[in-house]
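*Asks:* Could you have a look at this structure, given as structure tokens, before my questions?
Laboratory data are not the source of any read-out in this text; all were calculated from the coordinates shown. Since this is a predicted model, take the numbers as computed values, not measurements. Here Cβ is always computed from backbone atoms with ideal geometry, including for glycine, and neighbour counts include all displayed protein chains.
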2 protein chains.
Amino acid sequence: MTHAKDLYGWQWLIDAAELTRFTVEALRAAGAGRREAEVTAQVLVAADLGGVESHGVARLRRYVEGLHSGSINRHAVPEIVADNGSVCVLDAQNGLGQPALCTAVDLAADRARQFGTSAVMVRRSNHMGIAGWFAERAARAGTLAMVSTNAVPQVAPMGTNEPMFGTNPFCYAVPTPQGTLCFDGATSTVSRGKLEQLDRLGEPMLTGWALGPDGRPTTGVPETVQGLIHRKGYALLPLGGGDKDHGGHKGSALSLFIELLCGPLAGAQWSRHTYQGGEGGLGHFVFCLSLEALGDPDIIRAGVGQLAHEVRDGNPVDPEAPVRIPGDRRHRLSEQRNAEGIPVLESVVADLDAIAEFIGVTPVSAMTCDI
Amino acid sequence: MTHAKDLYGWQWLIDAAELTRFTVEALRAAGAGRREAEVTAQVLVAADLGGVESHGVARLRRYVEGLHSGSINRHAVPEIVADNGSVCVLDAQNGLGQPALCTAVDLAADRARQFGTSAVMVRRSNHMGIAGWFAERAARAGTLAMVSTNAVPQVAPMGTNEPMFGTNPFCYAVPTPQGTLCFDGATSTVSRGKLEQLDRLGEPMLTGWALGPDGRPTTGVPETVQGLIHRKGYALLPLGGGDKDHGGHKGSALSLFIELLCGPLAGAQWSRHTYQGGEGGLGHFVFCLSLEALGDPDIIRAGVGQLAHEVRDGNPVDPEAPVRIPGDRRHRLSEQRNAEGIPVLESVVADLDAIAEFIGVTPVSAMTCDI
């Protein structure tokens, strides 16, 4: 097959509703309940819509295989194991991460309405996609929300070359009069997904992003990607890099903050000890703060909107690149892709076709991409 | 006068109790109440003890002058202007920041004990020293705490060269069986205090730390320091620098998170509009999460201690530099300086002498330093 390829190597377009249909059916066929499948599909497709392809349907295979093999519990029902007013702890029973975290977010938003603020922690969970989807859900319920998770160990805390921390997203959302303002980014300088993208495009990486197994900076993209996947001693560096000169101790401390919340405070494993004993064992957390508890929520939302407006209106360093607020690019892309379809790599379409055959559902319908 | 100077230019040693005595007396003579003076002195001296000289008694003059001139309200009594269970808002009445934030922290720790989690915001406040002092206070009360503040605008959000954000510390603390684990660092790559220190030592700065008024990277230390102080269009860069390559969008979003909380959510000014109309107008926030609401606090503390132990035990990149956990260096320095005295610059001693004369209190007693 030969197809037009754009800069990112995309060759196919898939309608968002069709991609959701396929994802729900594949998860259902693998054993997930209806609600679990629908929530998980929404989170995956939202990532593809927003340009976070590394967390979209390219990851569907691991969910389908996990449910099918039983390494992810098909029958999990998140259970409240501690309930102390504004603080709850959920046991996800080793089910899909998305529905567990969705339950946690709805519970946190509800408790914040009741008490003003709330914290809900999740233990014994699995990968949950993009944290931003969950934070935006809580923001739409009238709160400022932080959401995070730990993950497979890939990041070396400053001073060591041992990958101990996950890429632990720093993520928050808050309502504005023009929708939600939402940031969601790994606390490593770059994510493994970014390196995988460079690998596909044959583009170089920079020093300060990763260390090789000898503890020295590495700039070989393919070996770093493979070394991270197969856990051969390669490590991503925290935001700020590997030393104090550019603030590596700060990025490391930010990642540690999330380790503490998702690990010992949630009663879950911290990243270094996840994926042991046949379970992911991941932890997540949600903080919500109700705007209504602080004052008139319309005034607060307007203040947030005004702040965002003034930053966007700042004198741009590059006259061609207006200043952006977190979420601006993602919201614009989502709108466009909802209307025009989601561009997908040839390799991802092939993977979805293989999933369809493996699990016995109607393959996804894709159109040739001519972006 | 000629004195031994160590690497940092220190020439004098002052006993911690004597420095506290002097600071309390100077603040009292300038009009502060006893409790206000004592809390403020504790926070300032804790900074000097912990090696954060930029936030120690080197800043006493601005407090004394502010109280004396009336630009800081001598008679302020922090007032609860919103009380909704786990969420409160305090009006600091333009008083000293330290006693206002201390009231907020104690209130937040109390409400977290009652509700599990809490958020207390402060508006109409002033500079409050090191956030870590406050977070550690809340951690000693059995909570994981985040504390932050906005500040004079010095940091350019990614994409613009306009200094709009404060250096907005990211700060948290959590109890461990061996004391508190506490991180406290500016969300800019470096603080202005760091540049001032390099200026004194005649050492160079790196690119990626600051922009000049033309929007291009600057590496001239004296002009950057002066340009920041006199607000001549110089700007510090967020953690991760000025572009996406090393995660400038992430540092910028972290700083924005603190702007949102300390500005529109607290009903305070955001950094860009602080220090206008004769008041600092700063905002602070405190989040507390009670360990007891999550489970057995001894087990949680032990889990935090174990995580910290494993990170410290990581294979060091530099065999001479063991891996550190946030707070390790500061705690060690504090212990040493409590025993041996606090090293202080000649210029700071001269400043304290001038304050003593101006406000009419017994000068601080300093010993020649022979570190």
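*Asks:* Of the candidates B:Leu44, B:Leu60, B:Leu345, which one comes out as most mobile in a Gaussian network treatment of chain B with C-alpha springs shorter than 10 Å?
*Replies:* Most flexible of the set in this elastic network: B:Leu345.
*Asks:* Another one. Taking the Cα centre of region A:190-236 as origin and charging only Cβ (+1 Lys, Arg; -1 Asp, Glu), how large is the dipole, in debye to the nearest 20?
*Replies:* I would put it at about 140 debye.
*Asks:* Now for a separate question. May I ask for the longest run of chain B untouched by trypsin sites (Lys or Arg not before Pro) that are loop-located per DSSP and have at most 13 neighbouring C-beta atoms (other than their own) within 10 Å?
*Replies:* The answer is B:6-230.
*Asks:* While we're looking at this one, here's another question. Once the label point is placed 7 Å from Cα along Cβ, list for B:Arg312 the distances to the corresponding points in the other copies, in nm, shortest first.
*Replies:* Label-point distances to the other copies, shortest first: 4.8 nm.
*Asks:* Given the options A:Ala30, B:Thr176, B:Met121, identify the residue whose Cα lies farthest towards the positive end of the charge dipole of the protein assembly as shown (+1 on Cβ of Lys, Arg; -1 on Cβ of Asp, Glu).
*Replies:* Of A:Ala30, B:Thr176, B:Met121, it is B:Met121.
*Asks:* What is the antiparallel percent of DSSP beta bridges lying wholly in the protein assembly as shown, to the nearest 5?
*Replies:* Taking every DSSP beta bridge within the protein assembly as shown, about 85 percent pair in antiparallel fashion.
*Asks:* Where is the GNM fluctuation largest for chain A (alpha-carbon springs, 10 angstrom cutoff): A:Asp298, A:Asp199, A:Asp313?
*Replies:* For chain A, modelled as a Gaussian network with Cα springs under 10 Å, the answer is A:Asp313.
*Asks:* Looking at the protein assembly as shown, how many pairs of lysines come closer than 25 Å at the Cα, when each pair is eight or more places apart or spans two chains?
*Replies:* Lysine pairs meeting both conditions in the protein assembly as shown amount to 18.
*Asks:* Of all GluC sites (Glu not before Pro) in region A:318-351, which ones are in loop regions per DSSP and have a Cβ with at most 10 other Cβ atoms within 10 Å?
*Replies:* Here the sparse-neighbourhood loop sites are A:Glu320.
*Asks:* So how do A:Cys369, B:Cys88, B:Cys182 line up by other beta-carbon neighbours within 10 Å, fewest first?
*Replies:* A:Cys369, B:Cys88, B:Cys182
*Asks:* Okay, next question. Quick one: label points 7 angstrom along Cα→Cβ at B:Arg231, distances to the other copies in nm, smallest first?
*Replies:* Result for B:Arg231, in nm, nearest copy first: 5.3.
*Asks:* From the label point of B:Leu201, set 7 Å along Cα to the beta carbon, how far off in nm is each other copy's matching point, shortest first?
*Replies:* Going from nearest to farthest copy, the values are 3.9 nm.
*Asks:* Only Lys, Arg, Asp and Glu count, each charged at its Cβ (+1, +1, -1, -1), so figure out the dipole size of the protein assembly as shown about its Cα centre, rounded to 20 debye.
*Replies:* 620 debye
*Asks:* Over what distance in Å are the Cα centres of region B:292-351 and region A:130-184 separated?
*Replies:* Computed from Cα coordinates, the inter-centre distance equals 26 Å.
*Asks:* What does the charge count around B:His55 come to, taking other residues whose C-beta lies under 10 Å from its C-beta (Lys +1, Arg +1, Asp -1, Glu -1)?
*Replies:* -2
*Asks:* Quick one: among B:Asp318, B:Asp83, B:Asp296, which has the greatest mean-square fluctuation in a GNM of chain B with alpha-carbon springs under 10 angstrom?
*Replies:* Result: B:Asp318 has the largest fluctuation of those listed.
*Asks:* Further question: Among DSSP bridges having both ends in chain A, what percentage is antiparallel? Round to the nearest 5.
*Replies:* Antiparallel bridges: around 85 percent, rounded to the nearest 5.
*Asks:* Let me ask you something else. Around A:Val221, with a cut-off of 13 angstrom between Cβ atoms, what is the net charge of the other residues, counting Lys and Arg +1 and Asp and Glu -1?
*Replies:* With Lys, Arg at +1 and Asp, Glu at -1, the net is -1.
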